[in-house]
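**Q** Once you've had a glance at the structure underneath, I'll fire off some questions.
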Amino acid sequence: MNTTKITSPGDFITMPWRNGLGSTIEVLKHQPGDSFQWRLSMADVTEDGAFSDFSGYDRCLILINGAGVTLTDNKKQTWALKSQLDTAHFKGEDLINARLHDGPIRDFNLMTRRQNCSAKVFTSQQHTNQTIRLDGDLFLLFNIHGNASFKLDNNTRETLDAQHLMQLEPSSKNNCDCSGDAWIGILITYI
């Protein structure tokens, strides 16, 4: 039997950014040793500036509130995040600079250490109802706001409150039906 664990905002931890220009709300991380293998966090960005260096990590940044942000790396590649759940994927060692479009934003960050794991990201921006094949080692579902629910295989559908995170260690034959207004699903596979 697969069991789910729910993490609530009262369990989140606020910590300063490495570059000292703001703070991060750490939602959850997996840290078996000196450094984390993966981490989920949110950040309120109030001014333009450079990202912290996270060499060795792959990053996914998702806009969850605000008018938007444009990210530019040292190779002049850009990502314009204008709508909720717009997503940018980049390497932690890339020199990223952020320019806000019209005021502060809140973003959701996923970081995975390349030597330990990889991740697939799903959002309700593609489809508000999705059936996700859980062919990885850990599935995480974060409800940004509104109503969200999930159903594992033929089990009973369960609700997930806003700003809560569900985590599940699936078997390879599981599917999860995710539904709701604004959610992020993450499937992590260990190497």
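The values are calculated or read from the model by the stated rules, or taken from the named source; none is laboratory data. Source: prediction; values computed, not measured. All Cβ positions, glycine included, derive from the backbone under ideal geometry; neighbour counts span all protein chains shown.
**Q** Could you tell me whether the range 13-33 includes any residue that is in a loop (DSSP other than H, G, I, E, B), within 16 Å of the chain's Cα centre (by Cα) and either touching a residue at least 60 places away in the same chain (Cβ under 8 Å) or not assigned by TED's automatic domain parsing to the domain that holds Asn155 (or both)?
**A** no
**Q** Turning to a different aspect of this structure: It is to be established whether one or more residues within the range 8-26 are surrounded by 14 or more Cβ atoms within 10 Å (Cβ to Cβ), modelled with pLDDT of 95 or more, over 29 Å from Ser149 (Cα atoms) and aromatic (Phe, Trp, Tyr).
**A** no
**Q** Checking the structure you have, find out if any residue of the range 105-123 is within 17 Å of Leu187 (Cα to Cα) and free of Cβ contacts under 8 Å to residues at least 12 places away in the same chain.
**A** no
**Q** On the given criteria, is Arg106 touching a Ser or Thr at 6+ places or on another chain (Cβ under 8 Å), among the basic types (Lys, Arg), in a strand (DSSP E or B) and not assigned by TED's automatic domain parsing to the domain that holds Ser149?
**A** Spelling it out, it is not the case that Arg106 is touching a Ser or Thr at 6+ places or on another chain (Cβ under 8 Å), among the basic types (Lys, Arg), in a strand (DSSP E or B) and not assigned by TED's automatic domain parsing to the domain that holds Ser149.
**Q** Restricting to the range 169-190, and then to whatever is at pLDDT below 95 and under 12 Å from Thr4 (Cβ atoms), can you tell me which residue is surrounded by the fewest Cβ atoms within 10 Å (Cβ to Cβ)?
**A** Glu169
**Q** Is it true that some residue in the range 77-93 is in contact (Cβ under 8 Å) with a residue 40 or more places away in the chain, among the aromatic types (Phe, Trp, Tyr) and on the phi < 0 side of the Ramachandran plot?
**A** No, there is no match, as no residue in the range 77-93 is in contact (Cβ under 8 Å) with a residue 40 or more places away in the chain, among the aromatic types (Phe, Trp, Tyr) and on the phi < 0 side of the Ramachandran plot.
**Q** If you don't mind, another one. Could you please let me know if Phe90 is modelled with pLDDT of 95 or more, hydrophobic (A, V, I, L, M, F, W, C), part of a loop (DSSP other than H, G, I, E, B) and touching a Lys or Arg at 6+ places or on another chain (Cβ under 7 Å)?
**A** Judged against the criteria, Phe90 is not a match.
**Q** Restricting the search to the range 138-170, which residues are under 16 Å from the mean Cα position of the chain (by Cα) and assigned to a loop (DSSP other than H, G, I, E, B)?
**A** Within the range 138-170, Ala162, Gln163, His164 qualify.
**Q** Could you tell me which residue of the range 34-67 is farthest from Arg114 (Cα to Cα), considering only residues that are of a type in the set (Gly, Ala, Ser) and assigned to a strand (DSSP E or B)?
**A** Among residues in the range 34-67 that are of a type in the set (Gly, Ala, Ser) and assigned to a strand (DSSP E or B), the one farthest from Arg114 (Cα to Cα) is Gly66.
**Q** Then there is this: Which of the residues belonging to the range 122-137 are surrounded by 15 or more Cβ atoms within 10 Å (Cβ to Cβ) and either part of a strand (DSSP E or B) or in contact with a helix residue (DSSP H, G or I) (Cβ under 9 Å, 6 or more places away or on another chain) (or both)?
**A** Phe122, Thr123, Gln130, Ile132
**Q** Any idea which of (1) free of Cβ contacts under 8 Å to residues at least 40 places away in the same chain; (2) farther than 14 Å from Arg106 by Cα; (3) outside any loop (DSSP other than H, G, I, E, B) is the one Thr70 doesn't satisfy?
**A** Result: Thr70 passes all but (2).
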